[in-house]
Amino acid sequence: MNEELLDMITNKINQLTDEETVTEAKMNFHKPMIILPADKWTLTAAKMLRDDEDLRFDFLTCITGVDYEEHMEVVYNFYSTVHDHYLYVKVTTPREEPSVQSLDPLFKSADYMEREIYDLLGIDFPGHWNLRRIMLDDDWEGHPLRKDYITDKKAMGLD
Amino acid sequence: MSDLKTETMTLNMGPQHPSTHGVFRLQLEVDGETIVRATPVMGYLHRGSEKLAEGFLYSQFIPYTDRLDYMNAMTNNYVYCAAIEELFDWEIPERAEYLRVITMELNRVASHLVWWGTYLLDIGAMSPFLYAFRDRETILDRLNEISGARMTFNYHRIGGVKWDAPEGWIEQVLETVKELRENIQEFHTLVTGNEIFQSRTIGVGKLTKEQVINWGLSGPIARASGVDIDVRKTEPYSVYDQFDFNVPTREEGDVYARYLVRIDEMFESLKIVEQACNNIPDGEIIHKKGKKLMMLKPPEGEVYTRAEASKGEIGVYAVSNGKNKPHRIKLRRPSFVNVAILQDLLEGDSIQNLVSIFGSLDVVLGEVDG
Amino acid sequence: MDLLLWTAYAVIILMLMLGGVTFAILFERKVIGAMQLRPGPNRHGPWGLFQTIADVLKLLLKEDIIPAAADKKIFLIAPVIAFAPAFAIYAALAFDENIYGADLNIGILYLLGVASITMLGVLMGGWSSNNKYSLLGSIRGVAQMVSYELPLVLSVVGIVILVGSLNMREIVFFQESAGIWFIIPQFLAFVVYIISSIAELNRAPFDLPEAESELVSGFHTEYSGFRFAFFMLAEYTYAIAIAAIATMLFLGGWLGPAFLPGFVWFALKMVLFMFLWFWLTATLPRARVGDLMNYSWKVLIPLAILNIVATAFIKVWMG
Amino acid sequence: MTAQEIFFIILALIAVTGALLLVLLKPISHRVVSMAFAFMAISGLYFLLGAEFIGIVQIMVYVGAITILFVFGMMMTEHRTIVFERDPRLSHQAIGLISSVSLLGLLIFGILSMDLPQTEGYVGSAEAIGLELYGYFFVAFIGSAFLLTAALIGAIVVARKEAD
């Protein structure tokens, strides 16, 4: 059943732009996962996921930013309160000037979670109403969750 | 007279304020006692758990999850362990899962008790706090007996639990459940029917179903607004599918509804504990590979695992690169997501309601700041 | 000679009252403690008898902090303005048939009028601290005081109509000769009096001006040490005075079965009345500002007026 | 010197000082406090005269209500920026001086030429005032009550309109 769902989602997203938007679609621990590049991840696609009668992914549970040394990824975990199904959306973005379309206009739950990713990983979210640091000081240098971040133990008083 | 200008005042509530339950700051713009704008400011307790995780062995991170939502540490333990177990694709011994469920549900009751006490303290009733702590104390005693700690349990392990239940513990838990049931019933007589209490809660801080879903709220807050999501039912983890329990929901979406949902949830949790204690099987308490703490190397992959904590849906997004340290651990902290609604919810309300509304969200700052 | 006697009386009352406040606080903590499943203070002296004394000593030894941005003169004088009138109330109280201060023929008016000055000190203190929470607390305080002064005064009018005098002693004598305490014929007035006196005193559940969970103690947030002690003293002095007034108006003052002297009965009734407050403190959550105002204007004042009208009719009808 | 005279001097001094400070002090909050002290001293003088009722009404109305109203107004407004400077225009100062001196003269003249009756007892007792109000001045009393009620309702209507 979940495989069918995966095919349906892939088709619907590809139909939006009439091209191969989804670079990879697979099952990840029994749940559908689609992977697409950041420039293809638009508000239209997210809106379709939210509003399409068969999908209705209205509950954005979790947003994760991951730094894979060669590129960065933002993973969205969707849940549908109507149809009770799940979806991973993986958005890949280059490591230099990482940028992913913000879902804040559609899902308010993205507000804080995207701010946190911006704060800790330095991924830009164009379209976010208030993209500021949330956990660290406003004048903090660098983004700690990046793999090349060097912890300045002296400055933090740990050494 | 119409051009008489009134000025708004900026009021910094916190980071040190008795009702923010920790180091949380609300920047309020108030016109008299009416809130024009509320901006939550956080991060005062940020310890960088996610960053720390990348430097530890898999087993070493468990104690750090305790310190997220320190009121409900068992579920935090569990969800982290469960995520790693899912990466391994392990079968967990039944007895271990039962012990996990018992400890998690007892801890949920303890967490709700603390909420009940502190919430009423927020709206000015002091006695319930002490009643709640009396009952919480018995739960903590039980958890102490099995885990050796009162708050930061560090009890669950990847693949099972650390200790088996001591002799006679199960019977004691059953006793405690009986006692708690009577005492929680007493709460209704103490508070629920009180006129002042009702006038302060009914119709205050209303959240609609749409708001809840759009803001990603979960836990009792969502269920009080008629959004019936409880991970224990929608995606049963551990052995929750073996128990008979209800998920209390209400439609009103106000503070009073959240209050009732939490009280009802305590009874449901006690029900689960009772069933689990009566049906607990004998056997191993940990997967045999889980005992080798230093050798844990999950295969490459990534997974999002969720569980129902007392505050809402807690999730762990674990990315493994096949080495002995995690590549990335993302913690979806329910309080952090839930607290965002404050900006929307407080606008136009009064300072007097603020405390009531903020208290009803039941946030723990350890979890908000991660 | 008279002057000397008066001074002696004043000093004795002051001393008694300081002791009274000390043990009223202990009594409150013990009562609330018992209701909250805990022993209450029990470390200093037997049964914690010296706890409050230790607390006061601690306060006296503490540094007297004046915030830099405060209005210094007002900040300094406010606790005194709050305390002096609370103590002045005692001038017109009669504790026994023969133990009394000024035998004013407008006793009730004096008590209620002087009592209202206390609030001025509270307001000035809250305002001069230059603290936003204190300011909010003070604003709430004014609104609350203005609203509840009315039902408090109106609730007493029924008794004045029945007795035909404003003199406190005559009111008690009237109860003696009538053989009935006013709590029975004036029960409605008694209820209104209790509720509005709680609000006047800023006690739970109407302790909005100092609501510690939202306004961080409201008007006395910035006060410390000795000046804070003065505010506490004023609060409890006032509370005891209000209890004493209630005793005289509704509970027959020093009247009671003969086996105890009058002033003991007086003290017992006061304790009973104060116990009622403590009980409420331990039981009820705090009311909301709006509800509080509505309650005063829409419930208590009409009730008090109804009581006055009914009493007047009865008085005319009975001759 | 009797005790009464001593108290009279103390109270009069407080009243006069309070009234003077009310005009001389700069911050509005200090003025309000000195005003309260002046009012209280005056009510003390009434007590000395045996006019207890008037004395207590003085406290209730002027200290309990008017002063608190002033404090309330002060708290609600941006009082710290408002400073009472001396009016620089000479003509205004002159007018002020002339009018206050003539008012003082008028008052002194009135007091000196007053023919005070040598009566004893409760001049201002509650009972006497009550009898006068509900007897001789009944119509005027009811009339003023109506007027005040109308004013109150008017104030509420105006405030309501502004709030909408």
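The values are calculated or read from the model by the stated rules, or taken from the named source; none is laboratory data. Just so it is clear, the model here is predicted, and its values are computed rather than measured. Glycine gets a Cβ as well: all are built from the backbone with ideal geometry, and neighbour counts include every protein chain shown. When the accessible area is computed, the model is the full protein with side chains, heavy atoms only, and any ligands, DNA or RNA have been set aside. Shrake-Rupley method; radii C 1.70, N 1.55, O 1.52, S 1.80 Å.
Summary of computed values
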{"item": "Cross-link pairs B:Lys51/B:Lys323; A:Lys147/B:Lys323; B:Lys289/B:Lys325; A:Lys40/B:Lys209; A:Lys47/A:Lys90; A:Lys12/A:Lys40 - those with Cα-Cα distance over 21 Å", "result": "A:Lys40/B:Lys209"}
{"item": "Accessible area buried at the C-D interface, both sides summed, 1.4 Å probe (Å², nearest 100)", "result": "2400 Å²"}
{"item": "Summed side-chain charge close to B:Asn183 - residues other than B:Asn183 whose Cβ falls under 13 Å, Lys, Arg +1, Asp, Glu -1", "result": "-2"}
{"item": "Neighbour-limited loop hits for trypsin sites (Lys or Arg not before Pro), the range B:281-322 (at most 16 other Cβ within 10 Å; DSSP other than H, G, I, E, B)", "result": "B:Lys292"}
{"item": "Global geometry of the range B:217-307, whether rounded, prolate or oblate, following the gyration tensor of its Cα atoms and the 1.5 cut on a/c", "result": "oblate"}
{"item": "Two-decimal Rg to Rh for the protein assembly as shown - Kirkwood Rh, Cα set", "result": "1.06"}
{"item": "Overall Cα dimensions of the range B:1-151 - principal axes, largest extent first, Å", "result": "76, 40, 21"}
{"item": "Tensor-based shape of the range D:1-85 (alpha-carbon gyration tensor, a/c under 1.5 rounded, otherwise prolate or oblate)", "result": "oblate"}
{"item": "Rounded to 10°, Cα long-axis angle of helix B:255-279 versus longest principal axis of chain B", "result": "10 degrees"}
{"item": "DSSP loop trypsin sites (Lys or Arg not before Pro) with at most 11 other Cβ within 10 Å excluded, longest remaining stretch of chain D", "result": "D:1-85"}
{"item": "Residue-count net charge about D:Ile59 - beta-carbon cut-off 13 Å; Lys, Arg +1, Asp, Glu -1", "result": "-2"}
{"item": "Accessible area in the full protein assembly, largest first, 1.4 Å probe, for B:Val319, C:Val271", "result": "C:Val271, B:Val319"}
{"item": "Choice from C:Trp279, C:Trp47, C:Trp127 with maximal GNM fluctuation in chain C (Cα, 10 Å cutoff)", "result": "C:Trp47"}
{"item": "Accessible-area composition of chain B, carbon plus sulfur, in percent [1.4 Å probe]", "result": "49 percent"}
{"item": "Diffusion constant of the range C:271-319 at 4 °C, which comes from Stokes-Einstein with the Kirkwood Cα-pair radius and 1.567 mPa s, µm²/s", "result": "96 µm²/s"}
{"item": "Which of C:Ile171, C:Ile305, C:Ile184 is most accessible, then next, and so on - probe 1.4 Å", "result": "C:Ile184, C:Ile305, C:Ile171"}
{"item": "Pairwise centroid distance, computed over Cα atoms, of the range B:138-183 with the range C:130-183, Å", "result": "56 Å"}
{"item": "Solution diffusion estimate, µm²/s, Stokes-Einstein, the range B:315-358, Kirkwood Rh from C-alpha pairs, 20 °C, viscosity 1.002 mPa s", "result": "162 µm²/s"}
{"item": "Accessible-area ranking of B:Met126, B:Met71, B:Met295, largest first, probe 1.4 Å", "result": "B:Met295, B:Met126, B:Met71"}
{"item": "Candidates per trypsin sites (Lys or Arg not before Pro) in the range B:225-282, loop by DSSP, up to 13 other Cβ within 10 Å", "result": "none"}
{"item": "Tensor-based shape of the range A:2-121 (alpha-carbon gyration tensor, a/c under 1.5 rounded, otherwise prolate or oblate)", "result": "prolate"}
{"item": "Where B meets C: accessible area buried, both sides, 1.4 Å probe, Å²", "result": "2400 Å²"}
{"item": "Of every Cα-Cα pair in the range B:265-321, the percent that sits beyond 17 Å", "result": "67 percent"}
{"item": "Per-residue SASA entry for B:Trp115, accessible area with 1.4 Å probe, Å² rounded to 10", "result": "10 Å²"}
{"item": "GNM top mover of C:Arg29, C:Arg288, C:Arg43 - chain C, alpha-carbon springs below 10 Å", "result": "C:Arg43"}
{"item": "The range C:262-284 and the range C:195-243: distance between their alpha carbon centers, rounded to Å", "result": "18 Å"}
{"item": "At R0 = 25 Å, FRET efficiency that the Cβ-Cβ distance of C:Ala34 and B:Gln185 yields, to 0.05", "result": "0.65"}
{"item": "Paramagnetic label zone (point 7 Å from Cα along Cα-to-C-beta, C:Lys73; backbone N under 18 Å) in the range D:28-48", "result": "D:28-41"}
{"item": "Value of relative contact order over chain B, rounded to a whole percent, pairs C-alpha under 8 Å and six or more apart", "result": "27 percent"}
{"item": "Residues whose placed amide H lies under 5 Å from that of B:Arg328, excluding near-sequence neighbours", "result": "B:Val319"}
{"item": "Accessible area (Å², 1.4 Å probe, nearest 10) - B:Tyr131", "result": "30 Å²"}
{"item": "Euclidean distance between Cα centres, the range B:12-26 to the range C:1-20, Å", "result": "47 Å"}
{"item": "Most mobile listed residue (C:Leu150, C:Leu61, C:Leu93) in chain C, GNM with C-alpha springs under 10 Å", "result": "C:Leu61"}
{"item": "Coil-residue GluC sites (Glu not before Pro) of the range B:216-284, DSSP, other Cβ within 10 Å capped at 13", "result": "B:Glu251"}
{"item": "Per residue accessible area in Å² of the protein assembly as shown, where ligands, DNA and RNA are left out and the probe is 1.4 Å", "result": "44 Å²"}
{"item": "B/A buried area, accessible surface, summed, 1.4 Å probe, Å²", "result": "3500 Å²"}
{"item": "Exposure of B:His21 as accessible area (Å², to 10), given a probe of 1.4 Å and all protein chains", "result": "60 Å²"}
